[in-house]
Amino acid sequence: MSTLDFLTLTELSEQIRRRCISPVEVTRLCLHRINEYDGILSSYSTVTGDRALKQASFAEEEINNGRWRGPLHGVPIALKDLISTKGVVTTAGMSLYKDHVPLFDATVVERLDRAGAVILGKLKTAEGALFNHHSSVVPPRNPWNTDYWSGVSSSGSGVATAAGLCFGTLGTDTAGSIRMPSSCCGLTGIKPTWGRVSRFGVFALADSLDCVGPMARSAADGAAILGVIAGTDPNDPTTLKTPVPNYLNQISEDIRGLRIGVDHAFATEGVNEEVAATLGETEATFRELGADVCEVTVPGLDHVSEAFLVLCSTEAAAAHKETYPEYASEYGNELSELIQKGRKTTESRVAESLQERNRFVDGLFKIFQQIDLLLTPTLPFPVPRLDSIDFKGMTIAEDNARSNRKDLYSATLRFTALFNFSRNPAISFPAGLSSSGMPTGMQLAGRHLDEGLLLRAVHAFQKSTGWHACHPVELCGPMPLWLRS
C-alpha cells in the first residue's frame with residue numbers, strides 16, 4: 001500500500017500544488033489500484049485510463065509552469081454513471097443504454113474540466129438511480145467487508161472513494177442516494193439545496209427531487225468539490241442565481257453558539273440501539289465543541305413519505321416516457337413498477353402531494369428559525385449484511401432475524417428522503433463504528449443554501465473525532481484478507 005492511497009483530496013491537492021507529487025504519478029497509482037482491487041469490488045463501469053493520463057500530464061505541465069487552477073487541479077476523481085461525459089459510455093445503470101455515448105459533457109463535467117480535475121471513469125449506479133442494480137450488472141461490494149451492503153444508488157461512488165480507487169466522486173441523490181452509500185462506506189456525502197448544482201446532462205429519476213453532489217473522505221474535500229460544481233447554469237433554468245461562496249476558505253470558522261436541534265422521538269424510536277447510542281455520542285461531541293444542542297419536534301411527518309412517493313413515481317414516469325412502455329422488456333422489475341405507479345397516479349393526487357410539500361417546507365422553515373441545523377442518523381440501522389436483505393421483495397431483516405422483516409424503502413429512506421422532498425441541503429458524515437466494524441453515519445440538515453454551515457459543523461466534528469480518517473485497509477491490515485484471494 002502506498003502512503004498516497006488514503007490522503008484526503010485536500011491533502012493531495014496541496015502536495016500537487018507544491019509539486020511534491022506528480023498528477024501523473026498519482027493517476028497511475030489510482031489506475032493500478034483499480035486494476036488490483038476492482039475485479040472484486042466492482043465499482044467502475046468504465047475506466048478511462050488513457051484519457052485520465054492525458055489530463056494528468058496536461059495538469060502537471062500547467063502546474064510546473066506556474067498555473068494552478070485550484071484544489072481539484074491534477075486530482076483523480078470519478079463520476080456516477082448517469083452523468084453525461086462526451087465520448088464515454090454513460091449507461092445510467094440501464095441495459096437500454098449499455099452502448100450510449102453522449103456527444104456532450106454535463107455542466108458539472110465541464111466545470112471539473114475547467115478546474116483541472118482528472119477523470120478516471122464512470123462508477124456503477126443502481127438502475128435508473130433507483131434502488132436495485134439491473135440483473136445484468138454485478139453490484140459494487142463494500143470495501144470494509146464484501147458481505148455487507150454498500151448502499152444505493154451511488155454505490156459505485158461510495159465504494160471507489162472508500163477503497164482508495166479515486167480521491168472523490170460525484171453522486172446523485174433523489175431520496176438519499178449520496179448519503180446512504182456515504183454512511184455505509186464511511187464517507188462524507190453532501191446533498192446540496194435543490195438547484196444549487198446544475199443537472200444539465202444528468203440522467204433524471206425525478207426532476208424536482210434529484211440533486212448532484214460530492215462524496216469524499218472529509219468535509220474539506222466535499223467543500224473543495226462543491227465549490228467547483230455549484231452555481232447557476234443557463235442550460236438548467238432550475239439552478240439558483242445566488243453567488244457561490246468559497247466553502248473551503250470558510251470551513252474552519254468557529255461553531256460555538258451554533259444551534260443544533262434533535263427530535264429524539266423521531267431520531268431514536270424504532271432505531272437500532274447502536275445507532276441511537278452513536279447519535280448520543282455525536283450530540284455530546286457537538287456540545288464539547290461549543291454548540292447548543294436542543295430538543296425540537298419535526299412537524300407534519302404523517303403524509304410526507306406517501307407524498308414523496310407520488311412525486312417520485314410520476315416524475316420518473318415523465319423522465320422515461322420516450323422509452324417506457326415501448327422498451328419495457330429492457331427494464332428491471334423495481335424501476336418498471338415505479339414508472340407504472342406514476343403512470344396510474346391521478347392529477348389530483350399529484351396536486352395533493354404538492355400541497356403536502358408546501359406544508360412540510362413551511363413547518364421546516366419555522367423549525368429553522370429556532371435552530372441552525374437538524375441532527376438525525378443517516379440510516380436507522382447499522383450497515384446490514386447482504387444476506388439480511390431481500391432485494392426482490394424489498395425487505396430487510398432487522399438484526400438479521402428473518403422472522404422480523406421491515407419494508408426496505410421505508411426503513412432506508414426514513415431520515416434522508418425528507419430533505420429531497422423539502423429541497424433542504426443535508427450531509428452524512430462518519431460518526432462511529434458498529435459492533436460488526438462497519439461505519440455508522442450521522443446526518444445534519446440545514447436551511448436552503450446553508451451548505452457552508454453544514455460543512456463547517458462537520459469539519460469541526462471531524463477535527464475533534466477523526467472517524468473520517470478510518471479506512472478499510474487501516475482496520476484490516478495492509479490488504480484485507482478477503483481481497484487476497
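The values are calculated or read from the model by the stated rules, or taken from the named source; none is laboratory data. Since we're looking at a predicted model, the values are computed, not measured. Note: ideal-geometry Cβ built from the backbone for every residue, glycine included; neighbour counts use all protein chains shown. These accessible areas exclude ligands, DNA and RNA; they are computed on the full protein's heavy atoms, side chains included. Shrake-Rupley method; radii C 1.70, N 1.55, O 1.52, S 1.80 Å.
Assorted remarks:
- Restricting 374, 408 to those that are under 19 Å from the mean Cα position of the chain (by Cα) and surrounded by fewer than 24 Cβ atoms within 10 Å (Cβ to Cβ) reduces the list to 408.
- Any hit, segment 181-199, residues being surrounded by fewer than 24 Cβ atoms within 10 Å (Cβ to Cβ) and at positive phi: yes
- Subset of segment 206-232 (residues that are open to solvent by less than 10 Å² (accessible area, probe 1.4 Å) and of a type in the set (D, E, K, R)): 217, 221
- Considering the conditions (1) free of Cβ contacts under 8 Å to residues at least 12 places away in the same chain; (2) touching an Asp or Glu at 6+ places or on another chain (Cβ under 9 Å), residue 29 is excluded by exactly one of them, (1).
- Candidates 392, 344: the one that is under 21 Å from residue 176 (Cα atoms) and loosely packed, with under 15 Cβ neighbours inside 10 Å is 392.
- Residue 67 more than 11 Å from residue 116 (Cβ to Cβ) and basic (Lys, Arg): no
- Qualifying residue in segment 100-107 (condition: in a helix (DSSP H, G or I) and open to solvent by less than 10 Å² (accessible area, probe 1.4 Å)): yes
- Check on residue 95, touching a His at 6+ places or on another chain (Cβ under 8 Å), farther than 18 Å from residue 228 by Cβ, open to solvent by 10 Å² or more (accessible area, probe 1.4 Å) and of a type outside the set (Phe, Trp, Tyr): yes
- Any hit, segment 121-135, residues being under 26 Å from residue 15 (Cβ atoms), among the small types (Gly, Ala, Ser) and surrounded by 24 or more Cβ atoms within 10 Å (Cβ to Cβ): yes
- Being touching a helix residue (DSSP H, G or I) at 6+ places or on another chain (Cβ under 8 Å) and open to solvent by less than 40 Å² (accessible area, probe 1.4 Å) holds for only one residue in 112, 53, and it is 112.
- The requirement of being part of a helix (DSSP H, G or I) and surrounded by fewer than 21 Cβ atoms within 10 Å (Cβ to Cβ) is not satisfied by residue 13.
- Residue match in segment 114-129 (condition: under 15 Å from residue 225 (Cα atoms), assigned to a helix (DSSP H, G or I) and either in contact (Cβ under 8 Å) with a residue 40 or more places away in the chain or among the hydrophobic types (A, V, I, L, M, F, W, C) (or both)): yes
- The set of residues in segment 71-89 that are open to solvent by less than 10 Å² (accessible area, probe 1.4 Å) and part of a loop (DSSP other than H, G, I, E, B) comprises 72, 73, 74, 75, 81, 82.
- Residue match in segment 350-361 (condition: within 25 Å of residue 97 (Cβ to Cβ), open to solvent by less than 20 Å² (accessible area, probe 1.4 Å) and either outside any loop (DSSP other than H, G, I, E, B) or at pLDDT 95 or above (or both)): no
- Per-region count, segment 456-471, residues in a helix (DSSP H, G or I) and either crowded, with 23+ Cβ neighbours inside 10 Å or not hydrophobic (A, V, I, L, M, F, W, C) (or both): 11
- Enumeration of residues in segment 16-37 that are part of a helix (DSSP H, G or I) and either open to solvent by 20 Å² or more (accessible area, probe 1.4 Å) or hydroxyl-bearing (Ser, Thr, Tyr) (or both): 17, 24, 25, 27, 28, 29, 31, 32, 35, 36, 37
- Among the residues of segment 425-439, just one is open to solvent by 10 Å² or more (accessible area, probe 1.4 Å) and either under 23 Å from residue 228 (Cα atoms) or outside any loop (DSSP other than H, G, I, E, B) (or both), namely 433.
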